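Single-structure report; data block below.
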Amino acid sequence: EVSEGLSEAVCGDDKGVVTFRLRGEQAKVCTVGAVLRAQNARVNMFNGFIRVEVDKWGKLAPAAEDTPGGKPEFEVCEATNMSAVEYELAEA
């Protein structure tokens, strides 16, 4: 938990990992080893670091065989952490 009502969780696949920012009930589905389905997620920058958020227009739920994308099996590649890299935002 980062602050009241806001949590962060590291999620990944066979390509790498990223940090998700979670609100309220979303944190309950983020358990170790769970395969999740993120629908309409977006990337936001927080202090130069990537965070993925699923807002009220999106959905974060456990993956199931009968959902789009199914429930794939893979080894998580923790060597590539996209949220560990600090990015410098260019001014327009």
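The values are calculated or read from the model by the stated rules, or taken from the named source; none is laboratory data. In this text, all values refer to a predicted model and were calculated from it rather than measured experimentally. Counting neighbours? That spans all protein chains shown, and the Cβs are built from the backbone with ideal geometry, glycine included. We work out accessible area using only protein heavy atoms, side chains counted, and drop any ligands, DNA or RNA first. Shrake-Rupley method; radii C 1.70, N 1.55, O 1.52, S 1.80 Å.
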Viscosity 0.692 mPa s, temperature 37 °C: what is the translational diffusion coefficient of the chain from Stokes-Einstein with a Kirkwood Rh over Cα pairs, rounded to a whole number of µm²/s?
233 µm²/s
To the nearest Å², the heavy-atom accessible area per residue of the chain with 1.4 Å probe amounts to 73 Å²
Given points 7 Å out from each Cα along the Cα-Cβ axis, report the residue 84 to residue 57 separation in nanometres with one decimal.
3.3 nm
Mean ellipticity per residue at 222 nm, deg cm²/dmol - from DSSP H runs of n ≥ 4 across the chain, formula -39500 (n - 2.57)
-500 deg cm²/dmol
Considering only the other residues whose Cβ falls under 11 Å of the Cβ of residue 43, what net charge follows from Lys and Arg at +1 and Asp and Glu at -1?
+2
Once residue 42 and residue 28 are pulled to full extension, the length gained, defined as 0.36 nm per residue separation minus their Cα-Cα distance, is 3.1 nm
For the chain, which whole-number percentage of the solvent-accessible area (1.4 Å probe, protein heavy atoms only) is attributable to carbon and sulfur atoms?
50 percent
